[in-house]
Amino acid sequence: MTPISKKTPLPPSPRGYGGHSRRATARQEKSIAPAARKFSPRVVRSVEIKPTKPVVPPNPSLRLYRRIAGSFIGIVVILILVVLTLSTTKVIVRVTPQPREVKASFLVDVVKDNATDGKILGSIVQQTFEQAKTFTASGSEQKEVLDKSGGTVTIINNSSKNQPLVATTRLLSSGGVLFRLDKGVMVPAGGQVEAQVYADQVGSTGDIGPDKFTIPGLATSLQSAIYAESTAAMTGGKKMVSVISQENLDDFASQLSNEILTSGQEQLRLAGQGSFTGEAFSVETVSKESDTQPGEEKDAVTISMKVKITGVFFDEASLQKITSAKLYENLADGFVFKDSENEISEATVEISDSRADLSQASLRVTAKQASVVSNTNAFLQPEVLVGKTSEEVKNYLVTAGLASDVSVWFFPPWLRRVPSMVDHVMVQVITTPLSPP
């Protein structure tokens, strides 16, 4: 074994830089040195061992830090934008509804008392009326007819004797047109008398103006003293007359019936209306007569009629309640009345039947009211609009007959389809134009 030289340093002691303890040193020396040889103690010089500096890795690039920071900021901004977009997304669908007509037709009884089981209170009165009237056939077909002209003349007698003239006595106009007296007359001496004359021939030749007439049947000496004059034209040689048709007769009868009904209604109101505000009337023609048959040529027609009018006066408020209930029964699901339920747009009441003792009558009621789609309609739920474009939403609702027009407003503006977030979709049913949201 090689002996320890002076230059070889001892390993450091775990207790510090002061070396081994004496006991440990002795044991070590004893184990190293030969058994037969003894060493004198030596002083070992301590060696100061300085700790080494830690290795510091090189600094990373500043550009990498910037990239990491920029990426993080970009992701945050994108997330913020997504959240803002989702939270502010809104779609408003405005529907201008297409009105639908709701109809109801039913019978209701009117009784004088004990109005139960859908019956209403009222009174029933009845009366027969008779009237005749002459109508001018001005609107009928016209036909040309030839006849004898006629008119009025004044016969003057400047002689000293009375002059009798018999019927058909001839009177000759200055133009040579012959007329005849319609009836015999006595013309007093020194006086005059008016008489009716007619043309001797049929046709328009007798249609002449005012003229002076001689009387060819008198002696020549008397013709200058006894003569006739006219101050108005002779007419009737050619005229237009009306040809009465069945349509004309029916029209005249209808006019007369309406006149009888109008006057009869006033009388029936006085007799039975009382405090009732509702009324209905019926007309039954008992008899109808005319002095003219279809095809006759006449300028006037006389019609006579006898009619029976029944008036029913009833509690209008009670009938309106029943009508509103009947209309509501026929209202489709998802629709509401356009106007108030108490404002029926159109209703007609007719007398269907009445008892002979006038204790009860039946009314036929026909009512109509406009309805429009409501927000509860299945077609207007946001779920069914998801994924549709503005044009698709409009076509969908218009084709279904629910809307006459549809406008869709998107926010943000770049949206093109209804999003799946149904709580952000609002459907509005409007009846008056509105400004954009």
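The values are calculated or read from the model by the stated rules, or taken from the named source; none is laboratory data. Because the structure is a prediction, the values reported are computed rather than measured. Every residue, glycine among them, receives a Cβ derived from its backbone with ideal geometry; neighbour counts consider all protein chains shown.
For the structure I just gave you, tell me whether T292 is assigned to a loop (DSSP other than H, G, I, E, B) and of a type in the set (V, I, T). Write out each step before concluding.
Details: assigned to a loop (DSSP other than H, G, I, E, B): yes; of a type in the set (V, I, T): yes.
Yes.
When L268 is tested against (1) of a type in the set (A, V, I, L, M); (2) over 30 Å from V108 (Cα atoms); (3) in contact with a Gly (Cβ under 6 Å, 6 or more places away or on another chain), just one condition goes unmet, and that condition is (2). Screening E341 with (1) within 28 Å of the chain's Cα centre (by Cα); (2) modelled with pLDDT of 90 or more; (3) acidic (D, E) gives one miss only, at (2). Scanning the stretch 291-327 for residues that are under 30 Å from D339 (Cα atoms), surrounded by 14 or more Cβ atoms within 10 Å (Cβ to Cβ) and not charged (D, E, K, R) yields V312, F313, F314, S318, L319, Q320, I322, T323, S324, L327.
Rundown of residues vs (1) without any contact (Cβ under 8 Å) to a residue 40 or more places away in the chain; (2) not assigned by TED's automatic domain parsing to the domain that holds T169, yes/no style:
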position	(1), (2)
Y198	no, no
Q201	no, no
P216	no, no
A228	no, no
E247	yes, yes
I260	no, yes
L268	no, yes
S287	yes, yes
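Every test in (1) within 23 Å of K238 (Cα to Cα); (2) assigned to a strand (DSSP E or B); (3) out of contact with any helix residue (DSSP H, G or I) (no Cβ under 9 Å at 6 or more places or on another chain); (4) not basic (K, R) is passed by A199 save one, and that test is (3).
May I ask you to verify whether D182 is under 44 Å from the mean Cα position of the chain (by Cα), of a type in the set (D, E, K, R) and surrounded by fewer than 17 Cβ atoms within 10 Å (Cβ to Cβ)? In short, no.
Of all helices (runs of 4 or more DSSP H) completely enclosed by the stretch 298-415, which ones contain at least 2 residues that are farther than 30 Å from A280 by Cβ? Break it down stepwise before answering.
Working: elements: 316-329, 382-385, 390-399.
Of the helices (runs of 4 or more DSSP H) lying wholly inside the stretch 298-415, those with at least 2 residues that are farther than 30 Å from A280 by Cβ span 382-385, 390-399.
Output the residues belonging to the stretch 185-198 that are surrounded by fewer than 17 Cβ atoms within 10 Å (Cβ to Cβ) and farther than 11 Å from S160 by Cα. Write out each step before concluding.
Within the stretch 185-198, the subset surrounded by fewer than 17 Cβ atoms within 10 Å (Cβ to Cβ) is 186, 188-194, 196.
M186, Q192, V193, E194, Q196, listed by residue number.
Residue count for the stretch 385-414, restricted to those that are buried (at least 16 other Cβ atoms within 10 Å of the Cβ) and more than 28 Å from the chain's Cα centre (by Cα): 2.
What tally of residues in the stretch 100-142 results from selecting those that are at pLDDT 95 or above and outside any strand (DSSP E or B)? Qualifying residue count for the region: 0.
Looking across the stretch 120-170 at every residue that is at negative phi and free of Cβ contacts under 8 Å to residues at least 40 places away in the same chain, the one that is surrounded by the fewest Cβ atoms within 10 Å (Cβ to Cβ) is identified as S160.
Somewhere in the stretch 359-376, is a residue in contact (Cβ under 8 Å) with a residue 24 or more places away in the chain, surrounded by fewer than 14 Cβ atoms within 10 Å (Cβ to Cβ) and in contact with a helix residue (DSSP H, G or I) (Cβ under 7 Å, 6 or more places away or on another chain)? So far as the stretch 359-376 goes, no, none of its residues is in contact (Cβ under 8 Å) with a residue 24 or more places away in the chain, surrounded by fewer than 14 Cβ atoms within 10 Å (Cβ to Cβ) and in contact with a helix residue (DSSP H, G or I) (Cβ under 7 Å, 6 or more places away or on another chain).
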